[in-house]
Amino acid sequence: MKASSEQRKRIDNERSVESTPAQKRSVKANLKRNMAIRTVLSKGAPRAPEKLIAEIADDLSDIYEISQRHIAFIANLLRLRLPREKETLESLLIAQIDVELLFHCDWHVKSLKYRAPRFWTQWNKGTRRGK
């Protein structure tokens, strides 16, 4: 089934959505943090596969970013005027607790649990004690 010209235009518009300056700064900061974590991990376990180091750095960097959003969530929570803003509280709790902490952060923690033993083996091989 072929897409109509209107559907193609809509898809093209969705693809060409520009990032805001704040989003661009956030991506750059996340990339910089990720590279710094990779550097530290590479020094500690020089024989570890680059892919393993990259995946662990990605998880740690994302957990850091989630924690920053959680700090902002707590700040917003403290500014609420309850019971008048009860609906706002409910939406904040669903977005932050349900999505960010219970799903997104949990995914990264599980990923680290899977990858950490392989990394620690390489880490011990890279230190004097482990040689």
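Give the residue list of GluC sites (Glu not before Pro) in the stretch 26-131 that are DSSP loop and have at most 15 other beta-carbon atoms within 10 angstrom.
Answer in residue order: GLU85.
Assigning unit charges at the beta carbon (Lys, Arg +1; Asp, Glu -1) and nothing else, what dipole magnitude in debye, to the nearest 20, does the stretch 34-126 show about its Cα centre?
Working: 14 positive and 12 negative charges, 93 e Å.
I would put it at about 440 debye.
PRE reach from ILE66 (point 7 Å along Cα→Cβ): which of the stretch 83-97 fall under 19 Å by backbone N?
Under 19 Å, as judged by backbone N against the label point of ILE66, lie 92-97 of the stretch 83-97.
How do the peptides 33-39, 101-107 rank, highest first, by the average count of neighbouring beta carbon atoms within 10 Å per residue?
On the way: 33-39: 15.1, 101-107: 13.4.
Taking the mean over residues of other Cβ atoms within 10 Å, the ranking is 33-39, 101-107.
Say the cut-off is 26 Å between C-alpha atoms; which of LYS24/LYS86; LYS86/LYS110; LYS86/LYS113; LYS28/LYS125; LYS43/LYS110; LYS51/LYS125 go over it?
Values: LYS24/LYS86 33 Å; LYS86/LYS110 33 Å; LYS86/LYS113 37 Å; LYS28/LYS125 33 Å; LYS43/LYS110 24 Å; LYS51/LYS125 17 Å.
LYS24/LYS86; LYS86/LYS110; LYS86/LYS113; LYS28/LYS125, as the Cα separations exceed 26 Å there.
With a Cα-only, solvent-free Debye model of the stretch 34-126, what are the log10 I(q)/I(0) values at q = 0.13, 0.15, 0.25 Å⁻¹?
-0.55, -0.65, -1.16
Relative contact order for the stretch 34-126: what is it in percent, counting Cα pairs under 8 Å that are at least 6 residues apart? It would help to have the intermediate numbers written out before the result.
Working: 57 pairs, mean separation 45.9, N = 93.
It comes to 49 percent, rounded to a whole number.
With +1 on each Lys and Arg Cβ and -1 on each Asp and Glu Cβ, and nothing else charged, work out how big the dipole of the stretch 14-73 is about its Cα centre, in Debye to the nearest 20.
Values: 11 positive and 8 negative charges, 62 e Å.
Dipole magnitude for the stretch 14-73 comes out near 300 debye.
For the pair VAL40 and VAL27, how long in nm is the line joining their label points, each one 7 Å along Cα→Cβ?
In this crude label model, VAL40 to VAL27 measures out at 2.5 nm.
Laboratory data are not the source of any read-out in this text; all were calculated from the coordinates shown. What you see is a predicted model; the values in this text were computed from it and never measured. So basically every Cβ, Gly included, is an ideal-geometry build from the backbone, and we count neighbours across all protein chains shown.
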